[in-house]
Amino acid sequence: MSGRASEIASLSLEHLEVVALAVAIAAVIALPAAVMLARRAAWRRWVVGFANLAQTVPSLALFGFLLPLPLIGGIGKRTAVVALALYALLPMLRNTLVGILGVDRTVRELAVAMGMTARQILWQVELPLAAPSILAGLRIATVATIGGATIAAAIGGGGLGVFIFRGIAMLDTATVLAGAIPAALMALVADEGLEWIERRFAPR
Amino acid sequence: MSALLEIRDLRCSLGGREVLRGVSLEAGEGETVVLLGRSGSGKTTILKAVLGLVPISGGEILFEGRPMSEWPLIEVRRRMGYVVQDSGLFPHWTVERNIGLPAVLAGRAPEAVVERTGELLEMVGLDPREFRGRYPSQLSGGQKQRVAIARALAADPPLLLLDEPFAALDPITRFDLQRQFLGLRRRLGKAALFVTHDIREALMMATRIALLANGALDVIASPAEFLEARTAEARAFLASLEETWRLDERPRL
């Protein structure tokens with residue numbers, strides 16, 4: 001039993017690692033992209049369209065597509081992280097964009113009229129006012145990625161999905177639950193924790 | 001010696017519509033030029049053109065004797081105080097931080113900004129101890145406009161641009177702020193362009209009234225002269241003024 005406990009711990013850790021990496025990559029791409037797109041209405045449709053498309057491909061199929069690709073493909077964690085990052089992209093991109101575009105027009109105009117530079121407006125006005133929406137995007141992406149990462153075990157991504165796939169193969173419910181319960185708990189904790197942070201940034 | 005602000009033959013087209021068709025006016029120190037007109041007459045566009053918020057298609061704007069095209073936009077904007085109808089206060093900042101922003105942008109030291117904020121709050125009739133730490137959502141409409149005016153004054157700009165600053169207030173608060181603004185003008189001697197569609201407010205606030213009709217200047221006159229103006233648009237505005245005084249002659253339904 002202690003053998004299973006330590007395996008749960010190590011697979012949970014691995015799971016977290018994959019999730020953290022995927023969400024971080026998605027954030028690093030989504031945030032600057034959203035800032036740029038907020039100023040370029042013409043590009044917005046195309047980029048959001050692509051992110052939408054990535055979202056609609058079933059995850060197992062996306063893993064399948066990525067497998068034969070050079071560099072990012074192959075069996076292993078890397079493919080899993082790439083696929084999960086693609087999934088996490090859309091909620092973060094869309095929420096950041098909605099947050100920035102949602103800044104009151106008068107407020108933005110006043111910022112310009114008072115002689116704030118574009119950089120000052122971005123950092124002092126737009127991003128702080130968009131923060132609740134940006135954080136909501138991060139929360140949605142994180143929770144979804146925790147779930148999605150269980151499927152990553154199918155292509156050698158490791159993590160708690162290993163238990164689930166093993167349990168299914170062995171027709172052993174206890175093994176399935178050894179993966180499913182910690183994954184569900186992880187998602188719940190992430191959801192609650194990030195929501196708590198979100199509330200602290202809520203408008204007054 | 002030229003006026004602080006000179007607008008020469010200003011033309012402006014927005015979305016294919018000619019909003020301003022050659023407007024010329026000037027405003028000097030201590031002067032409040034009220035831009036009076038119906039909705040869509042182009043009065044707000046003049047303020048936005050002065051701030052460089054809308055592109056102009058002809059004419060020239062000179063600020064402190066220098067054409068706008070030669071001013072760095074950021075710098076010239078910091079020399080103007082702008083107040084709009086719904087305050088435009090930053091909702092995520094306290095009153096203190098909102099008011100202090102222009103002073104911060106002007107590079108004043110933090111202690112000087114705090115001191116200045118207190119001064120300004122008192123100037124617009126708000127107790128600094130009570131209001132410094134509040135957020136805009138914790139203010140009434142009138143208090144927001146007071147804070148917006150304080151903010152516009154923070155960097156001590158020579159020119160104020162006011163776009164219907166009191167239009168959204170109840171009549172009593174509006175009258176109170178109008179009087180206070182007159183007092184401030186006397187004390188500070190700034191030049192101001194003041195946009196309104198309210199003839200009463202125009203007569204009360206103006207040193208000169210510039211009446212706009214369809215993007216062109218219809219009349220420019222002192223309040224006393226304006227009462228005698230003969231153009232159709234001026235008569236229309238003045239008629240609305242007279243009507244309210246004859247309560248006993250109201251049309252009966």
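Descriptive notes on the structure:
- Simple spin-label estimate for B:ASP156 and A:THR173 in nanometres, 7 Å along Cα-Cβ: 8.0
- At an R0 of 56 angstrom, the distance between the Cβ atoms of A:LEU71 and B:GLU242 translates into a FRET efficiency of 0.10.
- Over chain A, the pair-distance histogram of Cα-Cα distances with 5 Å bins from zero comes to 1, 8, 14, 16, 16, 14, 11, 8, 5, 4, 2, 1, 0, 0 percent, rounded to whole numbers.
- Highest-MSF residue in chain B out of B:PRO55, B:PRO157, B:PRO136 [GNM, Cα springs under 10 Å]: B:PRO55
- Around B:GLU122: net Lys/Arg minus Asp/Glu count, Cβ-Cβ under 12 Å: 0
- Backbone N within segment B:40-82 under 17 Å of label point (7 Å from A:ARG119 Cα along the Cβ vector): B:73-75
- Positive minus negative residues near A:VAL47 (Lys, Arg vs Asp, Glu; Cβ under 11 Å): +4
- Between B:THR231 and B:ARG187, the FRET efficiency estimated from the beta carbon spacing at R0 = 51 angstrom works out to 0.90.
- Using the rule -39500 (n - 2.57) for each DSSP H run of four or more residues, divided by the residues of chain A, the 222 nm mean residue ellipticity is -26500 deg cm²/dmol.
- The helix-based estimate of mean residue ellipticity at 222 nm for chain B, built from -39,500 (n - 2.57) per DSSP H run of four or more residues and divided by its residue count, is -11500 deg cm²/dmol to the nearest 500.
- Alpha carbon convex hull of the protein assembly as shown, projected area averaged over orientations, nm²: 32.2
- Computed over segment A:2-200: relative contact order in percent, which uses C-alpha pairs under 8 Å that are six or more apart: 27
- Sorted from longest to shortest, the spans of the Cα atoms of segment B:90-157 along the three principal axes equal 30, 23, 21 Å.
- Think of each Lys and Arg Cβ as +1 and each Asp and Glu Cβ as -1; about the Cα centre, that makes the dipole of the protein assembly as shown roughly 580 debye.
- Other residues lying with their Cβ under 13 Å from the Cβ of A:GLN120 contribute a combined charge of +3, Lys and Arg counting +1, Asp and Glu -1.
- 15 Å cut-off, amide nitrogen to a point 7 angstrom out along B:MET204 Cα→Cβ, residues in segment B:111-144: B:142
- Only Lys, Arg (+1) and Asp, Glu (-1) charged, at Cβ; segment A:2-200 dipole about Cα centre in debye: 640
Every number in this text was worked out from the coordinates using simple rules, so none of it is lab data. None of these values were measured; they are calculated from a predicted model. Heads up, the Cβs are rebuilt from the backbone with ideal geometry, glycines too, and the neighbour counts pull from every protein chain shown.
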